[in-house]
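A.B. asks: Sending over a structure as structure tokens; questions will come in a sec.
The values are calculated or read from the model by the stated rules, or taken from the named source; none is laboratory data. These figures come from a predicted structure and were not determined experimentally. Reconstructed Cβ throughout: ideal geometry from the backbone, glycine too, with neighbour counts over all protein chains shown.
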Amino acid sequence: MTGEAAKLIATALAIGIGAIGPGIGIGMIGSKAAEALGRNPEAESAIRTAMILAIAFAEAVAIYALVVSLIIKFT
Amino acid sequence: MPEISIKAEAITHIFGFAVTNSILFSIITLCILAIIGIAYKKNATASNKSGFFYLFHLSLVQIYNLFYSVLQEKTNNFFALIGAFFIWILFQNWMGLLPGVGSLLIGVQEGKHILHVPLFRGNNADLNATLALAIISVVSIQVSGIAYLGFFGYIKKFVNFSNPINFVVGILEIVSEFSKILSFAFRLFGNIFAGEVLMTIIAFIVPWFIPATFPFLLLELFVGLIQALVFSLLTSVFINMATSKSH
């Protein structure tokens, strides 16, 4: 395996594996937010704010993986 | 396929400082923002206001109400900072989507050969810019915490000898303050830079007559808004946590 091939595989693995956890997390956050909305529709704005914040935290992990894979790819 | 660079390229050098393409673009955006601000201020005192004023005023009121739901009665003290974060990041993100950004090339002499680098680059696709924003945000969180609780009242959160558990928690708090800088900077940089890379690559993997970039452009408009919202909302949540008494 050449160095270039190893680099490409590393790029794909970094973002591919790194996206699993945040994907599950965001799915759970969204489903719980929808559940809370169904139970208490008046609290929509509070739920939306909390949901966006929680999604941002979960998404940050995927973004770290993305930055790592971009660094592997382009340096 | 164009060369994708993870860092901003220097266009020219003034007194030894490298003027990069992202700083050039951020200065242009700053000028546009300043013009909008001056027009808004002029309209605010005029007797008959233009439609532009009402449009901008409506969005400002919406942003204010959003932050009011987090900060409550402290909103007036912090709205200048957090609203500035929101508007600055939003404008930088959306200006970075204009045609010509990243596609206009300019030749730069480097050593013997000439390099072709983009003339403009979205400001938030440069790690230096987002790192600066993150440092401003975290420093202002600490300063507002000290201003509201007093120096010793605030520092009690980090250095606490009352029992061993609180001492360890204090060390974790110190680490989390530093990790806030990293997570703020990388979240914004990663999202915007990834969007640029995505749009560049999508444009080159389909035939030219399919406008495949267009849905991703709409996605990037949405991502730009969400990232501006997340950055300013997180700053306001952290400020709210720092300025209220710990139990």
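A.B. asks: Enumerate the pairs (first residue in the stretch B:1-22 and within 14 Å of another protein chain (Cβ to nearest Cβ); second residue anywhere and part of a loop (DSSP other than H, G, I, E, B) and not acidic (Asp, Glu)) with beta-carbon separation below 7 Å, excluding pairs fewer than 6 apart on the same chain, so at least 6 apart or on different chains.
C.D. replies: B:Ile6/A:Thr75; B:Ala8/B:Arg121
A.B. asks: Restricting attention to the stretch B:190-214, which residues are within 18 Å of A:Ala19 (Cβ to Cβ) and of a type in the set (S, T, N, Q)?
C.D. replies: B:Asn191
Yes/no per residue for (1) within 21 Å of the chain's Cα centre (by Cα); (2) more than 29 Å from B:Ile155 (Cβ to Cβ); (3) not in a helix (DSSP H, G or I):
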position: B:Gly195; (1), (2), (3): yes, yes, no
position: B:Leu198; (1), (2), (3): yes, yes, no
position: B:Pro215; (1), (2), (3): no, yes, no
position: B:Ala228; (1), (2), (3): yes, yes, no
position: B:Thr235; (1), (2), (3): yes, no, no
position: B:Phe238; (1), (2), (3): yes, no, no
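A.B. asks: Further, regarding this structure: Return the pairs, sorted by first residue and then second, in which the second residue is assigned to a helix (DSSP H, G or I) and among the charged types (D, E, K, R), the first residue lies in the stretch A:51-75 and is more than 7 Å from every other protein chain (Cβ to nearest Cβ), the beta carbons are less than 8 Å apart, and the residues are 6+ apart or on different chains.
C.D. replies: Listed pairs, sorted by first residue: A:Glu59/B:Arg187; A:Ile72/A:Lys7; A:Lys73/A:Lys7.
A.B. asks: Look through A:Glu44, A:Glu59 and report the one residue that is crowded, with 18+ Cβ neighbours inside 10 Å and among the acidic types (Asp, Glu).
C.D. replies: A:Glu59 is the lone residue from the list that is crowded, with 18+ Cβ neighbours inside 10 Å and among the acidic types (Asp, Glu).
A.B. asks: Of all residues in the stretch B:132-157 being loosely packed, with under 15 Cβ neighbours inside 10 Å, more than 11 Å from B:Thr243 (Cα to Cα) and not aliphatic (A, V, I, L, M), which is nearest to the chain's Cα centre (by Cα)?
C.D. replies: If we take residues in the stretch B:132-157 being loosely packed, with under 15 Cβ neighbours inside 10 Å, more than 11 Å from B:Thr243 (Cα to Cα) and not aliphatic (A, V, I, L, M), then B:Phe151 is nearest to the chain's Cα centre (by Cα).
A.B. asks: Condition check: surrounded by 13 or more Cβ atoms within 10 Å (Cβ to Cβ) and in contact (Cβ under 8 Å) with a residue 24 or more places away in the chain. Does B:Val101 satisfy that?
C.D. replies: Working: surrounded by 13 or more Cβ atoms within 10 Å (Cβ to Cβ): yes; in contact (Cβ under 8 Å) with a residue 24 or more places away in the chain: yes.
Judged against the criteria, B:Val101 is a match.
A.B. asks: Another question about this same structure. Here is a list of conditions, (1) within 14 Å of chain A (Cβ to nearest Cβ); (2) modelled with pLDDT under 85, and B:Leu229 meets all of them except one; can you say which number that is?
C.D. replies: Every listed condition holds for B:Leu229 apart from (2).
A.B. asks: For B:Leu219, indicate whether it is within 10 Å of chain A (Cβ to nearest Cβ) and part of a helix (DSSP H, G or I). Before the answer, list the steps.
C.D. replies: Values: within 10 Å of chain A (Cβ to nearest Cβ): no; part of a helix (DSSP H, G or I): yes.
Against the criterion (within 10 Å of chain A (Cβ to nearest Cβ) and part of a helix (DSSP H, G or I)), B:Leu219 does not qualify.
A.B. asks: Give the stretch B:138-150 a look and list any residue that's farther than 17 Å from B:Thr75 by Cβ and in contact (Cβ under 8 Å) with a residue 24 or more places away in the chain, or say none.
C.D. replies: Hits for the stretch B:138-150 are B:Val138, B:Gln142, B:Leu149.
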